[in-house]
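Note sheet for the following structure.
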Amino acid sequence: MLPKSERKTPLPAEPGRERDPQAVREMFSEIAPRYDLLNRVLSAGVDQSWRRAAVREALAHGPRRVLDLACGTGDLTLLLKQSAPHAEVVGGDFAPPMLERARAKARRAGLEVRFQEADALNLGFPDGHFDAVTIAFGFRNFADYERALAELYRVLRPGGRLCILEFPPPPKSGLGVLYRFYFTRILPFVGGLISGNAAAYRYLPASVERFPDPQTLARMMQQAGFRVRHKLFTGGIAALHVGEK
Ligand SMILES: C[S@@+](CC[C@H](N)C(=O)[O-])C[C@H]1O[C@@H](n2cnc3c(N)ncnc32)[C@H](O)[C@@H]1O
């Protein structure tokens, strides 16, 4: 991580820079080398079972063209291709270092997936191009949710599916209290130790607390034109919203 004096943009964890696209892109580019390791350590591998549930929903109608947006290092993208080998699967993200890692993983796995730079607020794909779009833990970071939903609606064909996997604000239950403690105290410490970027792992809980609750996100998707249902995982720690155009 660059020392603060050499950084071009402040970290998005700093007040006033939340969801600033340039700050978010720079932060994800910096943590890309350690992102997979941290994901597995910090979630004890549970994140992969949530991703598999998203894949099942996305592939339910046998899509021919699928976009995994905010694909990061490509975990969900590769799962999609493994589960639907005949589908054309595209991974899009606006942080090039994430895409480089995703390409290397696809090569190692012998999977033919196209990874390309894509900004959720201005997608370079024609109208109705995809049968399904997935986003795992990326939507929360978008600078403008309404605009992103309008873009997602545009690039889906009528009847196409949008699957958003996210961390909603922690539930108020006992598990939620424990989880909040883990999220705000332990995770930034361990994340900082392994990635060398403690601020990025302070940004994570801050962005989750700010994120709309599952009902509100469902309403926002409905306002964008989708028919929506959602389910919660692991006591409400993760949520999967499925929208049909
Ligand atoms: C927490 S990572 C999730 C990566 C991956 N989907 C996963 O499940 O591990 C969030 C990703 O969203 C990307 N991202 C954030 N805002 C974006 C935007 N406006 N357009 C495209 N990608 C974006 C970041 O670059 C980062 O790779």
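Sorted by accessible area with a 1.4 angstrom probe, largest first, how do Arg161, Arg25 fall?
Output order, biggest surface exposure first: Arg25, Arg161.
Tell me the mean residue ellipticity at 222 nm calculated for the chain from its helices only (DSSP H runs of n ≥ 4, each -39500 (n - 2.57), averaged over every residue, nearest 500).
Taken over the chain, the calculation gives -13000 deg cm²/dmol.
For the chain, compute the number of Lys pairs whose alpha carbons are separated by less than 24 Å, excluding pairs fewer than 8 positions apart on the same chain.
Going through the chain pair by pair, I get 5.
In whole Hz and in residue order, list the ³J(HN,Hα) couplings for the stretch 134-144 that follow from phi through the Karplus curve 6.51 cos²θ - 1.76 cosθ + 1.60, θ = phi - 60°; x for Gly and Pro.
10, 9, 10, 6, x, 4, 3, 8, 5, 6, 9
Might you work out the accessible area of Ser173 for me, using a 1.4 Å probe with all protein chains in place, and round it to the nearest 10 Å²?
60 Å²
With just the Cα atoms defining each centre, how far is the stretch 57-111 from the stretch 120-163? Give it in Å.
If we compute the Cα centre of each part, the gap is 15 Å.
Using a 1.4 Å probe over the heavy atoms of the protein chains, calculate the carbon and sulfur portion of the accessible area of the chain as a whole percent.
Carbon with sulfur: 54 percent of the solvent-accessible area.
When Lys and Arg each count +1 and Asp and Glu each count -1, what net charge do the other residues less than 11 Å away from Val242, Cβ to Cβ, add up to?
Here the charged neighbours net out to +3.
GluC sites (Glu not before Pro), restricted to the stretch 93-136: which are DSSP loop and have at most 16 other Cβ atoms within 10 Å?
The qualifying sites are Glu112.
Would you calculate the separation in nanometres between label points at Phe233 and His86, each defined as 7 Å from the Cα along the Cα-to-beta-carbon direction?
The answer from the label model is 2.7 nm.
Projected onto the charge dipole of the stretch 174-245 (+1 at Lys/Arg Cβ, -1 at Asp/Glu Cβ, origin at the Cα centre), which of Ile186, Leu175, Ala218 gives the Cα projection farthest towards the positive end?
Ala218
Using a simple spin-label model with points 7 Å from Cα along the Cα→Cβ vector, what separation in nm is obtained for His129 and Ile194?
Placing both labels 7 Å along Cα→Cβ, they lie 3.4 nm apart.
Heavy-atom accessible area per residue, the chain, 1.4 Å probe: how many Å²?
Accessible surface, normalised per residue, equals 45 Å².
Quick check: Cα centre of the stretch 220-245 to Cα centre of the stretch 26-49, how many Å?
23 Å
The values are calculated or read from the model by the stated rules, or taken from the named source; none is laboratory data. Predicted model only: the values in this text are computed from it and were never measured. Heads up, the Cβs are rebuilt from the backbone with ideal geometry, glycines too, and the neighbour counts pull from every protein chain shown. Keep in mind that these areas ignore ligands, DNA and RNA; they rest on the heavy atoms of the full protein, side chains included. Shrake-Rupley method; radii C 1.70, N 1.55, O 1.52, S 1.80 Å.
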